Amino acid sequence: MKFNRRQTLTLLAAASATPLLGINAYKASADAKPADLPLTPEQAREIAREAFLWGMHPVAIYHFRYNLVQNEQNPRYVGLNRLRLARAPYSAKQRGATTPNATTLYGNAMLDLSAEPVVVTIPAVDQRYWSLQMADNYSRWWHMIGSQFNAPGPVRRLFVGPNWSGKLPADFVGEEIVQSDSDFAVALLRIALTDDTAQELKTINAIMDRVTLMPLSQWIAAGKKEIRAEDVPLMRASYPTFPGMENMREPGRLKGTDFLRWVSLILNDPSFTKQADGHKEIAAFARFERLGLKAGQTFEPGSLSAPVLVAIEAGIEDGRKAVQAQIAKGLGADMNGWSLSTNLGYQDSDWLMRAVYGYVAILGPIPSRSHTAGFALSDSRGQPLHGEHRYTLTFDLADMPPVTEFWELPLYDREGYFVDNPINRYSLNSYMLQRGKLHTAGGKLVIYVQHEAPTDPDQHRNWLPAPKEGFQFAARFYGPRGPLIDASYAMPGAVRVS
C-alpha cells in the first residue's frame, strides 16, 4: 500500500472547500438527449469530475506500467512480461515507490496476455513467507499463490488472457491454468526477510534466481527450465503514448485536460480490458465522449471551447477534492485510532473509493486473505505526528497483532518515503521480536519513536527513527486474523511523551 501525496492538515482541510455540482441536476439535462444538446460548462464540469473518479486508479496503474515497460529513462524500466527484482530491501535512497515495506524483497512484472500465455514457476520455499499476487487494470486481485495459500511449493501457473485460444502444453494440469479477465495483469512478488544479515540476503536472492516468469513460447524455447529474471529477453511495449509522458511523476496532481489525456490513453488501449457488461461504466463512457474521450479517437483539447476547458479544470479539481475529503475521513474502519485498510465491503464500482486508493495506495486495497494495513498520521490525542516530539507505542506481549505470518511497523515521511537515519532502520517487525533483538520488560514491548537517538541502551534497541518534520505509520499485518480484519484489535496509539 502507499501514501504518495502531501497529506498535511492544510491539504485535508481544503478538501471540502469547493462545493460540488448537484448530480441530479446534471442528469436531468445531460442524460436526456446528450447527443442532441450543446455541451454546457456545467455539464462539462460534472463529466470531468466523473472522469477523474473513474480514471484515477487506472491512470495510476497505466503510469506504473509505462515506467516499467516503455519509459527507458526510468530506473525501474524492465520491459514487458519480465520480472524486475529488488535484490536488496528498500531504503531511504529509493524514492520510486511510496510506503514500501522493509521486511520483504519485492519483484514485479507487467503482463500482456493478449498474444500468448505467460508461465510462472516458483521453487519450494520452506519456513518463509512468500507470495505472488495478480491484479488487473481496475486493481482487482484475482489470483494469489504463496506460503499462506499453498505452501511450500514448488508452484507453477500458466496465465491465459480472456480471448486467447491455442494449444496448451501437456506439462500443466487444470488447476495450474488460470484465465485472467483482462489482457493486462500486474504480478507482485514478495519474499520475507527474517533477519538483517548478509547470509539472509544471500538466501533470498538464491530463491529469486529460481523464480521464472516469461511468455510461453520463450519458456518452451528455453527447454522448459528455470530462467533467471535477468536472462529473460527484454521486450519494450508499444502502448499509446503522447510526448512528455516521461516527465510526469504524480498522476494525482494532474490538472484539467492533462489528466484527461491519460484517460484517453486508457480508453484507447485494448490490453486494459474494459467491463463489457458494466452498465455504469458503459453509460459513463457515453458521457465521456462529449469531452472528446472515446476509443479509437485521439483526445484533442483544442476542439473544446474556452468556457468548457475552464469547466473541465474545475471538474477535475472537484474530483480531487472529493478524494481528499474521503482521505480525511480515513481509508477504512477505525481501529483504536488507526485507519484499517481491508477489502471487506469494498466495491470497485464505488469510483470514489477506487479513486482514493489510486490516489494514495496504488493497487489497494489488498484482499484481507493476504494482509491488511493500518494507517496513522496522528498521535493518541489526535494531533499530527511530528519529529519535534517524542512518542512511545506500548504493546502487551500477551496481545500482539494476531497474524499467521508477520507484522511490521514502518515509519515514513509525509510523502510516504522511508526516512534517512544513522542506523538505517526503517521499521520494526515480529521477526525482530522473535529473535530477541527487541527489548521487553514487564510483559511489554515499548517502541520509542523520535528523531534523536535514545541514550538508554534498552530504548535504543527499540528505537524507530523519525524525521525532524511530520511523519506517518502504515503498519502491515500479513496473514491477519479476525480482529485485524474487522478492526476490533486494540492497536496501540503513539503516545506523545515530550
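The values are calculated or read from the model by the stated rules, or taken from the named source; none is laboratory data. The structure presented is a predicted model; accordingly, all values stated were derived computationally and were not measured. Virtual Cβ from ideal backbone geometry, glycine too; neighbours counted across all protein chains shown.
For this structure, a couple of remarks:
- Residue within region 285-299 that is out of contact with any Pro (no Cβ under 7 Å at 6 or more places or on another chain), buried (at least 19 other Cβ atoms within 10 Å of the Cβ) and under 21 Å from Y138 (Cα atoms) present: yes
- Selection within region 241-269 - on the phi > 0 side of the Ramachandran plot and either of a type in the set (A, V, I, L, M, F, W, C) or free of Cβ contacts under 8 Å to residues at least 24 places away in the same chain (or both): G244
- Of everything in region 103-131 that is surrounded by fewer than 21 Cβ atoms within 10 Å (Cβ to Cβ) and among the aliphatic types (A, V, I, L, M), the residue that is farthest from R157 (Cα to Cα) is A115.
- Selected residue (criterion: surrounded by the most Cβ atoms within 10 Å (Cβ to Cβ)) from residues of region 151-175 that are of a type in the set (A, V, I, L, M) and outside any strand (DSSP E or B): A151
- Scope region 451-460; condition surrounded by 11 or more Cβ atoms within 10 Å (Cβ to Cβ) and either on the phi > 0 side of the Ramachandran plot or assigned to a loop (DSSP other than H, G, I, E, B) (or both); matching residues: H451, E452, A453, P454, D456
- Residue ID - farthest from T197 (Cα to Cα), chosen from residues in region 382-420 that are of a type in the set (F, W, Y) and touching a strand residue (DSSP E or B) at 6+ places or on another chain (Cβ under 8 Å): Y391
- Restricting Y448, Y412, Y391, Y426 to those that are among the aromatic types (F, W, Y) and under 25 Å from R128 (Cα atoms) reduces the list to Y426.
- Single residue of region 453-476 satisfying the filter (within 30 Å of the chain's Cα centre (by Cα) and free of Cβ contacts under 8 Å to residues at least 60 places away in the same chain) that is farthest from L377 (Cα to Cα): N462
- The selection criterion, being crowded, with 19+ Cβ neighbours inside 10 Å and closer than 19 Å to A86 by Cα, does not hold for L234.
- Check on N424, assigned by TED's automatic domain parsing to the domain that holds F473, touching a strand residue (DSSP E or B) at 6+ places or on another chain (Cβ under 7 Å) and either under 26 Å from R481 (Cβ atoms) or not aliphatic (A, V, I, L, M) (or both): no
- Contacts under 7 angstrom Cβ, first residue in region 303-321 being not assigned by TED's automatic domain parsing to the domain that holds R253, partner crowded, with 18+ Cβ neighbours inside 10 Å and at pLDDT below 95, 6 or more apart: none
- When region 211-240 is filtered for residues that are of a type in the set (A, V, I, L, M, F, W, C), without any contact (Cβ under 8 Å) to a residue 40 or more places away in the chain and outside any helix (DSSP H, G or I), the ones remaining, listed by number, are A222, I227.
- Considering only residues in region 243-268 that are assigned to a loop (DSSP other than H, G, I, E, B) and under 21 Å from the mean Cα position of the chain (by Cα), the one that is surrounded by the fewest Cβ atoms within 10 Å (Cβ to Cβ) turns out to be R249.
- Count of residues meeting criterion [under 25 Å from the mean Cα position of the chain (by Cα), among the small types (G, A, S) and surrounded by fewer than 21 Cβ atoms within 10 Å (Cβ to Cβ)] in region 176-203: 0
- Taking region 23-53 as the range and being at pLDDT 50 or above, small (G, A, S) and either closer than 23 Å to Y357 by Cα or in a helix (DSSP H, G or I) (or both) as the test, the residues that pass are A44, A48, A51.
- Matching residues, region 430-452, being farther than 21 Å from Q472 by Cβ and either hydroxyl-bearing (S, T, Y) or over 31 Å from the mean Cα position of the chain (by Cα) (or both): Y431, G436, H439, T440, A441, G442, G443, K444
- The selection criterion, being buried (at least 23 other Cβ atoms within 10 Å of the Cβ) and in contact (Cβ under 8 Å) with a residue 24 or more places away in the chain, holds for P100.
- Residue in region 81-89 that is farther than 16 Å from A229 by Cβ and in a strand (DSSP E or B) present: no
- Scan of region 126-150 for residues that are aromatic (F, W, Y) and either over 19 Å from R65 (Cα atoms) or not in a strand (DSSP E or B) (or both), ordered by number: Y129, W130, Y138, F149
- Filter result for G416 (assigned to a loop (DSSP other than H, G, I, E, B), within 25 Å of the chain's Cα centre (by Cα) and not basic (K, R)): yes
- Subset of region 421-445 that is among the polar types (S, T, N, Q) and not in a strand (DSSP E or B) - its residue that is nearest to D196 (Cα to Cα): N424
- Pairing residues of region 335-362 that are more than 10 Å from A60 (Cβ to Cβ) with residues that are surrounded by 24 or more Cβ atoms within 10 Å (Cβ to Cβ) and of a type in the set (K, R), at Cβ distances under 8 Å and at least 6 apart in sequence or on separate chains, gives D348/R354.
- Against the numbered list (1) touching a Leu at 6+ places or on another chain (Cβ under 8 Å); (2) surrounded by fewer than 18 Cβ atoms within 10 Å (Cβ to Cβ), Q275 comes up short only at (1).
- Scan region 204-221 for residues that are over 17 Å from R157 (Cα atoms) and surrounded by fewer than 16 Cβ atoms within 10 Å (Cβ to Cβ) and the total you get is 3.
- Across region 204-239, the qualifying residues are those that are over 29 Å from the mean Cα position of the chain (by Cα) and basic (K, R), and the one among them that is farthest from T103 (Cα to Cα) is K224.
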